[in-house]
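Just below is one structure, and these are the notes that go with it.
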């Protein structure tokens, strides 16, 4: 029990049950193969090999959805795909047996290419066409085209992926760290062909998940549930750190081709965009990933005409998905990099060109209704310039670069500003993903108990929700508790992601507390109030014609400035300082918001400086060398909130660093280099090559 | 093989295989839940122990090497005044480490303050670099270590509050 009265969720690695068995995954050595058959030598007493055939024989399903198999049976779609399990009483022996198991298969040529793809690789396609793009291009003074690429990134999860399945009376209980317990419940019920009410999900400690634990934990949970059913005992699957690094989903890579038409001043007239996101072997959220990227493709700029084709492309590598922002990072990085490119062509400063193109009141993109309010871009931009001393630094670094073009003697530095936003909008038509619920109870001892599956979140989030309840009901924080987020005691709920969930739950808690306040002295205790909300998905989600709504609604705004220095010997870029100006509505706890933003800034910087994951070469060496940003390399961070006292509505802010920092970091890098690498991440040797190029 | 060691002031006789890591043996034989067998490369700090008074990654130590040593784990330290001061300082500075690295961070801070009662920012960061979990921002951590140092020094030198 914590000081605040809330129970800390257990860690999966410390959970034990009497008679519990351990399971290790047998993985495919090939990236693409057919007719797979598992072969293993004689197993020690008490050990069992579970194959897909055993699962089917138990009357369970191997298929979770159209292309998601719990175990590869007839076809293998990536190297390391689960083929079966070795279950037994000693985890180390299970690991050894799983590694020595052999698979017979007919290997085929894997499809690793994704930028030029065949129609069979398309998992999702989306198009947008508004305004007269051809006319704009025919009249344009400047037509520019470039391709921007983002690599694959890994997030170092606090605890490797895993799950425990345990029979508790007549139900199967699943213990796992998932951002979305309802999804785990539904997946296990589907795989075991049982009712959802027969599955209880008891979430374990999530740690910092960065949207990487949305759907993959459901697959591991299903595998553990199958093994528990076959063995009749509790079964635990807990990946090793290396296994987690090599075989769990990473951030998807992307290639965005932007062709722009602009007038003499640099005002955008039209964009012609091809956005390709590589989702690896599969990703059940491909639609959401692509649509979020499409919505962010214009950044904060007004574009009167656009033609866009967006694709989620499959290839024979590990599943790739969301990390740190669902698709928006790719789009923001590309449009900001393109604006830098335009500024260079037009001989303007990037800041000048960006201000010129910012979305004004009365206009809109994607055929949406005209914007009825002024977005505080200029205010944020001005404040950020002041905080970071942008103009002086930008001018002096330009001067240094002109005096010493190869930067052989001088300091190699750059500074850049980016303004961006995050929304809580969803594009998925799955009803479960958009439903959020909270139940609040004021009991006879005047304790307030908040029940929501979202309480899997961090202590900072819970502290924010607690202060909301405290303020609404004037109850001391010590009297406010969170009920365990089990699926049998809480209402079904959508995922707790970086961009969504937290602020929606905050509003729901406020709503339930106000309802309790009204009933407080009129009704006898306990008073129970339940509330549920459905976030409206895009009404024209499947029309493919336009987004049909204002993408800036309920958004949080922010401006980010990044100053970097390049080591002239190694070529490695080091961030010197990061400044952020944030307008995220009401800030419930400034200290917690600052702490959460600082922590997200550090994770977002890792996307710029960290090693990109190479699934074709990935191995133990890459795992051992994969390091995030060192504490001593963390730059000075300055954060200011604006207009937080002018509203009562809190918006999410956790995704803002992931959206703006890669773009700002890249822009600073282009200033320092005087060249446009058009990709992230970028490492020492490539930077040195660019610096030394004539 | 049999390994005789002292763990948290208790003499223990542990059974280990030749290739076993100390962290796995301590966890398996003594059920010490503060220890995690995680990165196995000495960078996550989740397996910290005090081995003969020095902070060490037990994942990097072969079990047989610990023969005859004195080991102190978080289980023995968590109720000490030093640990309680650090926990109070972390809470006060809003530096809330996640459940995975909390014990590692507390062990690292205990070690740092024992060696240096007034550590500089660089020393704090260098020490906490041994617990590579990005859950807590460094500004709050530095503040927390500062508060913990102040509490410790007040207690040690019997200084009154201003």
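For every residue, the table says whether it meets (1) touching a residue at least 60 places away in the same chain (Cβ under 8 Å); (2) buried (at least 21 other Cβ atoms within 10 Å of the Cβ); (3) in a helix (DSSP H, G or I); (4) assigned by TED's automatic domain parsing to the domain that holds residue A:493.
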| residue | (1), (2), (3), (4) |
| --- | --- |
| A:420 | yes, yes, no, no |
| A:445 | no, no, no, yes |
| A:449 | no, no, no, yes |
| A:464 | yes, yes, yes, yes |
If you scan the range A:423-443, which residues turn out to be assigned to a strand (DSSP E or B) and in contact with a helix residue (DSSP H, G or I) (Cβ under 6 Å, 6 or more places away or on another chain)?
A:426, A:436, A:438, A:440, A:442
Only one of B:110, B:87, B:124 is within 14 Å of another protein chain (Cβ to nearest Cβ), under 16 Å from the mean Cα position of the chain (by Cα), in a helix (DSSP H, G or I) and under 30 Å from residue B:11 (Cβ atoms); which?
B:87
Within the range B:1-24, take every residue that is surrounded by 20 or more Cβ atoms within 10 Å (Cβ to Cβ) and closer than 21 Å to residue B:78 by Cβ and give me the one that is farthest from the other protein chains (Cβ to nearest Cβ).
B:5
When you scan the range A:632-643, how many residues do you find that are buried (at least 17 other Cβ atoms within 10 Å of the Cβ), at pLDDT below 90 and more than 14 Å from chain B (Cβ to nearest Cβ)?
1
(1) part of a helix (DSSP H, G or I); (2) away from every other protein chain (no Cβ under 14 Å); (3) in contact (Cβ under 8 Å) with a residue 12 or more places away in the chain all hold for residue B:118 apart from (1)
Since residue B:41 meets every condition but one in (1) in contact (Cβ under 8 Å) with a residue 12 or more places away in the chain; (2) surrounded by 15 or more Cβ atoms within 10 Å (Cβ to Cβ); (3) within 11 Å of chain A (Cβ to nearest Cβ), which condition does it not meet?
(2)
Can you find a residue that is assigned to a helix (DSSP H, G or I) and within 30 Å of the chain's Cα centre (by Cα) anywhere in the range A:306-326?
no
For the range A:187-234: of the residues being more than 21 Å from the chain's Cα centre (by Cα) and closer than 28 Å to residue B:102 by Cβ, which is farthest from the other protein chains (Cβ to nearest Cβ)?
A:200
Would you be able to say whether some residue in the range A:652-667 is modelled with pLDDT under 80 and crowded, with 23+ Cβ neighbours inside 10 Å?
yes
Restricting to the range B:90-107, give me the number of residues that are within 13 Å of chain A (Cβ to nearest Cβ) and under 13 Å from the mean Cα position of the chain (by Cα).
6
For the range A:546-605, how many residues meet the condition of being part of a strand (DSSP E or B) and at negative phi?
22
Within 30 Å of residue A:72 (Cα to Cα) and assigned to a strand (DSSP E or B), is that true of residue A:282?
no
For residues that are more than 14 Å from chain B (Cβ to nearest Cβ) and touching a strand residue (DSSP E or B) at 6+ places or on another chain (Cβ under 9 Å), tally how many sit in the range A:134-171.
26
Please give the number of the condition residue B:102 fails out of (1) assigned by TED's automatic domain parsing to the domain that holds residue B:150; (2) farther than 23 Å from residue B:132 by Cβ.
(2)
Quick one: in the range A:469-484, of everything that is assigned to a helix (DSSP H, G or I) and in contact with a strand residue (DSSP E or B) (Cβ under 8 Å, 6 or more places away or on another chain), which residue is farthest from residue A:586 (Cα to Cα)?
A:479
Taking the range A:349-381 and keeping only residues that are assigned to a helix (DSSP H, G or I) and either exposed (fewer than 15 other Cβ atoms within 10 Å of the Cβ) or under 29 Å from the mean Cα position of the chain (by Cα) (or both), one is left with A:350, A:351, A:352, A:354, A:355, A:357, A:377, A:378, A:379, A:380, A:381
Taking only the range B:127-159 into account, find how many residues are without any contact (Cβ under 8 Å) to a residue 24 or more places away in the chain and within 10 Å of chain A (Cβ to nearest Cβ).
7
Hey, among the residues in the range B:44-69 that are touching a residue at least 60 places away in the same chain (Cβ under 8 Å) and on the phi > 0 side of the Ramachandran plot, which one's surrounded by the fewest Cβ atoms within 10 Å (Cβ to Cβ)?
B:68
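The values are calculated or read from the model by the stated rules, or taken from the named source; none is laboratory data. Here the structure is a predicted model, which means the values were calculated and not measured. Cβ coordinates were reconstructed from backbone atoms using ideal geometry, including for glycine residues, and neighbour counts include every protein chain displayed.
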